Amino acid sequence: MGLFERYLTLWVALCILAGILLGQAVPGLFHALGDATVAEVNLPVAVLVWLMIVPMLLKIDLAALGQVGAHWKGIAATVGVNWLVKPFSMALLGWLFIGTLFRPWLPADQIDSYMAGLILLAAAPCTAMVFVWSNLVEGEPHFTLGQVALNDLIMVVAFAPVVGLLLGLSAITVPWDTLLLSVVLYIVVPVIVAQLWRRSLLARGGPARLEATLRRLGPWSLLALLATLVLLFGLQGEQIIRQPAVIALLAVPILIQVYFNAGLAYWLNRKLGVEWCVAGPSALIGASNFFELAVATAIALFGFQSGAALATVVGVLIEVPVMLSVVHIVRRTRGWYERGAGFR
């Protein structure tokens, strides 16, 4: 890792602080940026996500996607953690911490709403940001794209039933416009743009031209990640300052859920003898969340000022710093992973 990437944790901390301070200093600017949404999808964030994920998508040769089947063990482990473990483990953690241990310190009338928000967050596996995390752990890009596409397909049919089961509701109003627009904005369009650009680079200069472009884009991708942090914390700085204790308590089950599911996916891949370049993104996909869908669903079901909406926003706030810590753990444990008895 280069000098900039090596101290990424420091830059993240500074950007979080800068976002909170700027959000208080120029609230009008951040409110304007926050209001630039279509179907609850924030367009400035979408642009920054594009800058983050296009460099990785440029590495993908769509003709090689047929090889994804060779990574079926990694796909099975990721799908199992995402859909058979993650929502249910979060429901258990929500009951344990929010419904029991932390209940005396939380508003009594919002307990159920907080728990609902946590479940909504866990029931939606991450899409676009996974490309960033996978890139940082040198993940196999074709596996990452194939797994994300599969999760999107599963989400269309499984999100509402899983959430409905865990919330005990007869019907869940899924914001389909948010779901479909997010998939188009964060997956379909960037893939098309990246593939057209890739073909152009290869036609004009071959692999050397492509590699040179990827090297130039690398810093911009990380700068977009940091700018996203400034924007997110600037938008939510008022909530952090007004309810710091509630946000800290809500963060506890989210943090445990992230590390538990990342560790479980990583361990399963190791036991199955999956290559590290697949196990890394598998662990990250298993742990991260599709927070745009979770926030939009919470607002649609419970209202903008609800505890459910706040719980999903807490997920947004800690997503990047926590996932970067998972990236660090995955990179540092590569030797341990590849020495495992199950690795073949």
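Give the label of the value calculated from the structure for Cα extents along the principal axes in Å, choosing from (i) 66, 41, 37; (ii) 61, 48, 36; (iii) 59, 53, 36.
(ii)
Once the piece of chain linking residue 318 and residue 267 is laid out straight, how much longer is it, given 0.36 nm per residue of separation minus the C-alpha distance between them?
16.0 nm
Using a Förster distance of 41 angstrom, determine the FRET efficiency expected from the C-beta separation of residue 239 and residue 212, and round it to 0.05.
About 0.45, to the nearest 0.05.
Hey, any idea what the orientation-averaged projected area of the convex hull of the range 49-200's Cα atoms comes to, in nm²?
If you wrap the Cα atoms of the range 49-200 in a convex hull and average its projections, you get 10.7 nm².
Can you tell me the 0 to 90 degree angle between the C-alpha axis of helix 276-287 and the longest principal axis of the chain, rounded to 10?
20
Roughly to the nearest percent, how much of the accessible area of the range 22-81 is carbon and sulfur, given a 1.4 Å probe?
69
Dipole magnitude of the chain about its Cα centre, charges +1 at Lys/Arg Cβ and -1 at Asp/Glu Cβ only, in debye to the nearest 20?
In total the dipole reaches around 1140 debye.
Using a cut-off of 29 Å between alpha-carbon atoms, which lysines can reach residue 86, once sequence neighbours fewer than 8 places away in the same chain are excluded?
Qualifying lysines at Cα under 29 Å: 73, 271.
Could you tell me whether the range 183-230 comes out rounded, prolate or oblate from its Cα gyration tensor? Rule is a ≥ b ≥ c as square roots of the eigenvalues, rounded for a/c under 1.5, then prolate if a/b exceeds b/c, otherwise oblate.
Oblate, because a/c is 1.5 or more while a/b does not exceed b/c.
Classify the range 182-296: rounded, prolate or oblate, from the alpha-carbon gyration tensor (a ≥ b ≥ c, eigenvalue square roots; a/c under 1.5 rounded; otherwise prolate if a/b is larger than b/c)?
Note, shape of the range 182-296 comes out oblate.
Report, to the nearest 10°, how far helix 111-122 tilts away from the longest principal axis of the Cα atoms in the chain, using its own Cα long axis and a range of 0 to 90°.
The angle comes out at about 10 degrees.
Given the rule -39500 (n - 2.57) for each run of at least 4 DSSP H residues, summed and divided by the residues of the chain, what is its mean residue ellipticity at 222 nm, to the nearest 500 deg cm²/dmol?
-24500 deg cm²/dmol
Quick one: compute the contact order of the range 211-318, relative version, from alpha carbon pairs under 8 angstrom and 6+ residues apart, as a percent.
26
Could you please state, rounded to a whole Å, how far the C-alpha centre of the range 11-26 is from the C-alpha centre of the range 242-287?
So the separation of the two Cα centres works out to 26 Å.
May I ask you to compute the full-extension gain from residue 21 to residue 251, defined as 0.36 nm times their residue separation minus their alpha-carbon distance, rounded to one decimal in nm?
80.7 nm
Would you pull out the residues with amide H under 5 Å of residue 140's amide H, same chain only if 5 or more places away, H placed 1.01 Å from N?
Answer set, sorted by chain and number: 278.
Taking a probe of 1.4 Å, how large is the accessible area per residue of the chain, in Å²?
Heavy-atom SASA per residue in the chain reads 43 Å².
If you fit an axis through the alpha-carbon atoms of helix 307-332 and take the longest principal axis of the Cα set of the chain, what angle between them do you get, 0 to 90°, nearest 10?
Helix 307-332 and the main axis of the chain meet at about 30 degrees.
What's the carbon and sulfur percent of the range 193-237's accessible surface, probe 1.4 angstrom, rounded to a whole number?
Of all accessible area on the range 193-237, carbon and sulfur atoms account for 65 percent.
Please work out the C-alpha center-to-center distance from the range 214-240 to the range 56-128 and express it in whole Å.
Result: 23 Å between the Cα centres.
Distance from a point 7 Å along Cα→Cβ of residue 35 to each backbone N in the range 205-246: keep the residues under 17 Å and list them by number.
Flagged as within label range: 235-236.
Mind running the shape call on the range 9-131? Use the C-alpha gyration tensor, a ≥ b ≥ c as the square roots of the eigenvalues: rounded below 1.5 for a/c, prolate if a/b tops b/c, oblate otherwise.
oblate
Label residue 331 and residue 138 with points 7 Å out from Cα along Cα→Cβ: what is the distance between them in nm?
1.1
The values are calculated or read from the model by the stated rules, or taken from the named source; none is laboratory data. Since we're looking at a predicted model, the values are computed, not measured. Reconstructed Cβ throughout: ideal geometry from the backbone, glycine too, with neighbour counts over all protein chains shown. For accessibility, only protein heavy atoms count, side chains too; no ligands or nucleic acids. Shrake-Rupley method; radii C 1.70, N 1.55, O 1.52, S 1.80 Å.
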